[in-house]
Amino acid sequence: MRERASNRFIPRRSVTVAFEGRENPIAYGVVANISDGGACVWTDARLEVGQELALSLSFAREPRPVPAGGRVVWTAPLTGSSGRRCGLQWEMSGVEGQRLRQMIAASS
């Protein structure tokens, strides 16, 4: 198994995500774990490995969602549910990346 570039953790408070891609209308999910490198999201959306997404993450008690870019790196069914888990890798830099990293650090 490949080692992760960043340590992931379960956020102390809920983090939700809205996302869209060229193939999907807007869909929603819940962040199961998160890191500087990406996140695992539970969702009912049909996502494909390699798909690029425009994301909007909502952190508890934060007045504005955090925009982010990401790419789907894996998907798997959720046990006992029609939903899926998917692994996202962040694709961003600059101010957008800095704000997301700050929010992730505050959630740990």
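Bear in mind these aren't lab numbers, they're just calculated from the coordinates by the rules spelled out. Every value quoted in this text rests on a predicted model; they were computed, and no experiment measured them. Note that each Cβ is placed from the backbone with ideal geometry, even for glycine, and that neighbours are counted across all protein chains shown.
The loop-placed GluC sites (Glu not before Pro) in the stretch 52-108, going by DSSP, that have at most 15 neighbouring Cβ atoms within 10 Å of their Cβ come out as E91. With a simple spin-label model that places each label point 7 Å from the Cα along the Cα-to-Cβ direction, the separation between Q89 and Y28 comes to 2.9 nm.
Taking loop as defined by DSSP and a crowding limit of 10 other beta carbons within 10 Å, which trypsin sites (Lys or Arg not before Pro) in the stretch 1-94 fit?
Those that pass, being in a loop and sparsely packed, are R2, R4, R12, R13, R22, R61.
Overall dimensions of the chain, expressed as equivalent-ellipsoid semi-axes from the Cα gyration tensor (√(5λ), whole Å, largest first), are 20, 15, 15.
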